[in-house]
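Report on the following structure.
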Amino acid sequence: MAIPFDVLAEPSRRQILDLLLERPRLVGELTERLGLTQPGTSKHLRVLREAGLVRVRRDAQRRWYELCPEPLAEVDAWLAPYRRLWTGRLDALERHLDTMPELPEATGAPGPLGTRDAPPDPPDGEAP
């Protein structure tokens, strides 16, 4: 059985898992959503199946692929210390930002989405 980290290194396989997280899907639907060839999608599904990350359910002529979340627990356990590290750093950033003074509103500083305050209207009779 492949190690999930090796399997998850491939972006198309992560996309497949994202799609299967929503609901089981047929290989044709996965192929269409990924923009891959059917043989390419099948190859990725085989690797995911061998790693225990997906299972196939036959329904007459169709094959439904479903997510098997249990092996992802290994990945989650490995990420836990890193998650704590990032949480601590994000908390420190938030504390730092809370200590910064607020910018005055009409300074011409960038506003929402990079906009700037509009310049004042010119006095009557003057050209802009």
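Per-structure values
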{"item": "Candidates P69, P4 - the one that is surrounded by 10 or more Cβ atoms within 10 Å (Cβ to Cβ) and modelled with pLDDT of 85 or more", "result": "P69"}
{"item": "Among the candidates G108, G125, G52, residue that is at pLDDT below 85, surrounded by 10 or more Cβ atoms within 10 Å (Cβ to Cβ) and assigned to a loop (DSSP other than H, G, I, E, B)", "result": "G108"}
{"item": "Every pair of residues 6+ apart whose Cβ atoms lie under 8 Å, when the first sits in the range 42-66 and is in contact (Cβ under 8 Å) with a residue 24 or more places away in the chain and within 12 Å of R25 (Cβ to Cβ) while the second is open to solvent by 30 Å² or more (accessible area, probe 1.4 Å) and among the aromatic types (F, W, Y)", "result": "R57/W64"}
{"item": "Filter pass, E74 being in a strand (DSSP E or B) and touching a residue at least 40 places away in the same chain (Cβ under 8 Å)", "result": "no"}
{"item": "Filter pass, R33 being charged (D, E, K, R) and closer than 24 Å to D76 by Cβ", "result": "no"}
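Rundown of residues vs (1) surrounded by fewer than 10 Cβ atoms within 10 Å (Cβ to Cβ); (2) among the aliphatic types (A, V, I, L, M); (3) modelled with pLDDT under 95, yes/no style:
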| residue | (1), (2), (3) |
| --- | --- |
| L20 | no, yes, no |
| L30 | no, yes, no |
| G40 | no, no, no |
| K43 | no, no, no |
| Q61 | yes, no, yes |
| E74 | no, no, yes |
| T87 | no, no, yes |
| R95 | yes, no, yes |
| T115 | yes, no, yes |
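The values are calculated or read from the model by the stated rules, or taken from the named source; none is laboratory data. The structure presented is a predicted model; accordingly, all values stated were derived computationally and were not measured. Here the Cβ is made from the backbone with ideal geometry for all residues, glycine too, and neighbour counts use every protein chain on show. Ligands, DNA and RNA are excluded from the accessible area calculation, which covers all protein heavy atoms including side chains. Shrake-Rupley method; radii C 1.70, N 1.55, O 1.52, S 1.80 Å.
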